[in-house]
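Following: one structure in structure tokens, then a few remarks.
The values are calculated or read from the model by the stated rules, or taken from the named source; none is laboratory data. Quick caveat: nothing in here was measured; it's all calculated off a predicted structure. Glycine gets a Cβ as well: all are built from the backbone with ideal geometry, and neighbour counts include every protein chain shown.
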Amino acid sequence: MISKLSVFVPCHITGFFEIVGNDDPLLKGSRGAGVALDSGVVTTCEVRSGSGNVFVRVNGEFNRLNTITGKAVDLIVDMFDLSFDGFDVFIDHDVDLPIGAGFGTSAAFSLGVSLTLPSLFGVNLSFKRAGDIAHLVEIYSSSGLGDVAGEMFGGCVMRLREGSPTNALLDKILLSQPIYVITKTLSSLET
């Protein structure tokens, strides 16, 4: 059994968007455009012998306020009927951008967990299915509507149809030269 996995998820800035509601959370989301960044989140998931606890750290600090990670874990446990009996799960997020400042860090956290945790318990998922789980976490948490798909697709992304990665329609602008995004974060903002 694999006991540790790490994944990098780029952060994403949405330039403009339109919210499109739907009773089906896999079809709910936003249309719009944005850019995936070179900076992002490295999520490391590790399973050790233990008593069923989940520990979350952000930049090396235990973080009880990171509810998005807890919701991702809970959804994955429920979807795949997983049990942590006899194990402890350690989830580390290393992020070099401000949290709560419009960089899609919550989407990157949930996608990082969706791409690593199931595999550690023998659940094989496609890339898009892992993205669907992260999208559901974002919708259920009211923390995002399109960042997951944008982070998965990368580049200068246009979200032409809303929804989870398996339902959304995306395209990207092909660039002949790199673009530079310069930002200044003054404070956190509920996004």
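Okay, residues lined up against (1) under 19 Å from Ile139 (Cβ atoms); (2) in contact with a His (Cβ under 8 Å, 6 or more places away or on another chain); (3) at pLDDT below 95:
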position: Met1; (1), (2), (3): no, no, yes
position: Phe8; (1), (2), (3): no, no, no
position: Gly21; (1), (2), (3): yes, no, no
position: Gly32; (1), (2), (3): yes, no, no
position: Val47; (1), (2), (3): no, no, no
position: Arg57; (1), (2), (3): no, yes, no
position: Lys71; (1), (2), (3): yes, no, no
position: Asp81; (1), (2), (3): no, no, no
position: Gly100; (1), (2), (3): yes, no, yes
Taking first residues from the range 135-158 that are over 13 Å from Gly102 (Cα atoms) and second residues anywhere that are among the aromatic types (Phe, Trp, Tyr) and not in a strand (DSSP E or B), the pairs with Cβ under 9 Å that are 6 or more apart or on different chains are Val137/Phe109; Met152/Phe127
Any idea which of (1) under 28 Å from Leu160 (Cβ atoms); (2) crowded, with 17+ Cβ neighbours inside 10 Å; (3) among the polar types (S, T, N, Q) is the one Thr69 doesn't satisfy?
-> (1)
Name the pairs whose Cβ atoms lie under 7 Å apart, with the first residue in the range 167-185 and closer than 13 Å to Gly34 by Cα, the second assigned to a loop (DSSP other than H, G, I, E, B), and 6 or more positions between them or separate chains?
-> Lys172/Gly155
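Among the candidates Ser83, Ser110, Ser142, Ser119, which residue alone is polar (S, T, N, Q), out of contact with any strand residue (DSSP E or B) (no Cβ under 7 Å at 6 or more places or on another chain) and farther than 28 Å from Leu186 by Cβ? Break it down stepwise before answering.
Working: Ser110 fails: farther than 28 Å from Leu186 by Cβ; Ser142 fails: farther than 28 Å from Leu186 by Cβ; Ser119 fails: out of contact with any strand residue (DSSP E or B) (no Cβ under 7 Å at 6 or more places or on another chain).
The unique qualifying residue is Ser83.
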Do we have any residue at all in the range 93-103 that's in contact (Cβ under 8 Å) with a residue 12 or more places away in the chain, out of contact with any Ser or Thr (no Cβ under 7 Å at 6 or more places or on another chain), of a type outside the set (A, V, I, L, M) and crowded, with 21+ Cβ neighbours inside 10 Å?
-> yes
Quick check, is Thr43 in a strand (DSSP E or B) and either at pLDDT 95 or above or more than 25 Å from Met152 (Cα to Cα) (or both)?
-> yes
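Being of a type in the set (A, V, I, L, M) and buried (at least 20 other Cβ atoms within 10 Å of the Cβ) is the filter here, so list the residues in the range 1-17 that pass it. It would help to see each step written out before you state the result.
To start, the set of residues in the range 1-17 that are of a type in the set (A, V, I, L, M) comprises 1-2, 5, 7, 9, 13.
Hit for the range 1-17 is Val9, nothing else.
Give Val47, Val20, Val77, Val56 a once-over and let me know the one that is of a type outside the set (Gly, Ala, Ser), under 21 Å from Thr105 (Cβ atoms) and either surrounded by fewer than 20 Cβ atoms within 10 Å (Cβ to Cβ) or in contact with a helix residue (DSSP H, G or I) (Cβ under 7 Å, 6 or more places away or on another chain) (or both).
Values: Val47 fails: under 21 Å from Thr105 (Cβ atoms); Val20 fails: under 21 Å from Thr105 (Cβ atoms); Val77 fails: under 21 Å from Thr105 (Cβ atoms).
From the options Val47, Val20, Val77, Val56, the qualifying one is Val56.
Listed here are the residues, each with its yes/no results for (1) of a type outside the set (Asp, Glu); (2) at pLDDT 95 or above; (3) surrounded by fewer than 18 Cβ atoms within 10 Å (Cβ to Cβ).
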residue: Ala108; (1), (2), (3): yes, yes, no
residue: Leu111; (1), (2), (3): yes, yes, no
residue: Val123; (1), (2), (3): yes, yes, yes
residue: Ser143; (1), (2), (3): yes, no, no
residue: Asp147; (1), (2), (3): no, yes, no
residue: Val157; (1), (2), (3): yes, yes, no
residue: Ala168; (1), (2), (3): yes, yes, no
